[in-house]
Ligand SMILES: Cc1cc2nc3c(=O)[nH]c(=O)nc-3n(C[C@H](O)[C@H](O)[C@H](O)COP(=O)(O)OP(=O)(O)OC[C@H]3O[C@@H](n4cnc5c(N)ncnc54)[C@H](O)[C@@H]3O)c2cc1C
């Protein structure tokens, strides 16, 4: 049995805590907020079968099931795609559910406790000493531990303190929950400004937002005004905003001695085209548990599972960042062709490698478009 300190009670931290506690380790989770899962910075779109398999998700956390998506070009042409198994979850509820699994397995949770820094991260062979601030008592506590898991999200203090932050880059995500009539279809609007979406909670309320590299506020105002109309501010039921890291393949996700491990957004495990990271954080958590319990190479484990897919999705996103609106129009026109739409419908967003190959074989012209966007 080893002692593990986990920083952050999001999905990546909670699932790591569950797996490690289940394997018999002494697990402590420190979370800087008073309530697990809040504030929410997420749309909550996930693929149902993956989640159900990993987490036995209770039905009451499923806010909506969606059978269709539209990808809408800047010229308003769109393609409609059938979705296989997409669900919209209560994101705060998901975090609470995973944390409860971890607590039931024996993990101890300390809320309102913020990781400050390492006292001795480079002292080879010795226990790591972690300074945590108890915000309720306004006191710094020092904790000795064998391992530290940085599951503290995109701006990870653990990564900074361990010298693993690198020069990661971010999208700004801005989203509101707002009343808007809709036909229970997810709408994606890729454009040269970034990506925007409307994700229904039901036929009268949706999660509406954008992610952009620059000028996110003005893009958000422009988009929400187009969808909801002037005076949208008065209708807002809730805000969900936050930075979204771009996967950085050069980043190290562990210190040389393997005692500090980053997982989830803290390790930039986000699939770049859609900027989703929940499933990737869960896969990362499985690698964390196997690395510590079976003494295996952490980075090797998670990269084997999703390294290629994360890298490919990063290339897709980088290519798309160079598209102008006209090229987005062309892209949607290409996908409108029946043979390509079928491929899009069979696309598992977590595994772009299968999709990219099939598509390029059917539509070699796309290589030209991608190449043009790339250079
Ligand atoms: C607007 C928006 C929409 C999104 N939509 C989707 C989507 O639809 N589907 C999807 O899969 N992904 C989506 N994402 C991405 C997704 O939210 C993240 O990938 C996911 O939350 C990462 O989980 P995590 O556990 O790694 O980190 P987080 O969920 O960020 O959890 C980190 C935790 O660490 C805590 N913490 C931070 N610093 C400290 C500290 N110093 N000490 C103690 N605790 C600390 C935080 O309070 C938090 O609880 C979206 C993101 C945004 C911003």
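The values are calculated or read from the model by the stated rules, or taken from the named source; none is laboratory data. Model, not experiment: these values are computed from the prediction. Neighbour counts are summed over all protein chains in view; Cβ atoms, including those assigned to glycine, are modelled from backbone coordinates with ideal geometry.
So residue 76 fits all but one of (1) part of a loop (DSSP other than H, G, I, E, B); (2) within 11 Å of the ligand (Cβ to nearest atom); (3) out of contact with any strand residue (DSSP E or B) (no Cβ under 6 Å at 6 or more places or on another chain); what number is the exception?
(2)
Just need a number here: residues in the range 236-286 that are surrounded by 24 or more Cβ atoms within 10 Å (Cβ to Cβ), more than 13 Å from the ligand (Cβ to nearest atom) and assigned to a helix (DSSP H, G or I).
Residues flagged as surrounded by 24 or more Cβ atoms within 10 Å (Cβ to Cβ), more than 13 Å from the ligand (Cβ to nearest atom) and assigned to a helix (DSSP H, G or I) within the range 236-286 amount to 0.
Kindly indicate whether residue 152 is under 26 Å from the mean Cα position of the chain (by Cα), away from the ligand (no atom under 14 Å from the Cβ), under 20 Å from residue 7 (Cα atoms) and modelled with pLDDT of 95 or more.
Criteria not met by residue 152.
What do you reckon, is residue 121 modelled with pLDDT under 95, part of a strand (DSSP E or B) and either within 23 Å of the chain's Cα centre (by Cα) or away from the ligand (no atom under 11 Å from the Cβ) (or both)?
Values: modelled with pLDDT under 95: yes; part of a strand (DSSP E or B): no; either within 23 Å of the chain's Cα centre (by Cα) or away from the ligand (no atom under 11 Å from the Cβ) (or both): yes.
Spelling it out, it is not the case that residue 121 is modelled with pLDDT under 95, part of a strand (DSSP E or B) and either within 23 Å of the chain's Cα centre (by Cα) or away from the ligand (no atom under 11 Å from the Cβ) (or both).
Give the range 35-73 a look and list any residue that's assigned to a loop (DSSP other than H, G, I, E, B) and within 10 Å of the ligand (Cβ to nearest atom), or say none.
If the condition is that a residue be assigned to a loop (DSSP other than H, G, I, E, B) and within 10 Å of the ligand (Cβ to nearest atom), then 35, 36, 37, 38, 39, 40, 41, 42, 43, 44 are the ones that fit.
What is the residue count in the range 85-102 for residues that are in a strand (DSSP E or B) and touching a residue at least 40 places away in the same chain (Cβ under 8 Å)?
4
If a residue has to be crowded, with 17+ Cβ neighbours inside 10 Å, in a loop (DSSP other than H, G, I, E, B) and on the phi < 0 side of the Ramachandran plot to count, how many in the range 153-164 make the cut?
At the first step, the residues of the range 153-164 found to be crowded, with 17+ Cβ neighbours inside 10 Å are 153-154, 156-159, 161-162, 164.
Narrowing further to those that are in a loop (DSSP other than H, G, I, E, B): 153-154, 156, 162, 164.
Next, only the ones that are on the phi < 0 side of the Ramachandran plot stay: 154, 156, 162, 164.
Of the residues in the range 153-164, 4 are crowded, with 17+ Cβ neighbours inside 10 Å, in a loop (DSSP other than H, G, I, E, B) and on the phi < 0 side of the Ramachandran plot.
May I ask you to verify whether residue 8 is under 18 Å from the mean Cα position of the chain (by Cα) and on the phi < 0 side of the Ramachandran plot?
Against the criterion (under 18 Å from the mean Cα position of the chain (by Cα) and on the phi < 0 side of the Ramachandran plot), residue 8 does not qualify.
Please verify whether the range 10-28 includes one or more residues that are within 13 Å of the ligand (Cβ to nearest atom) and part of a strand (DSSP E or B).
yes
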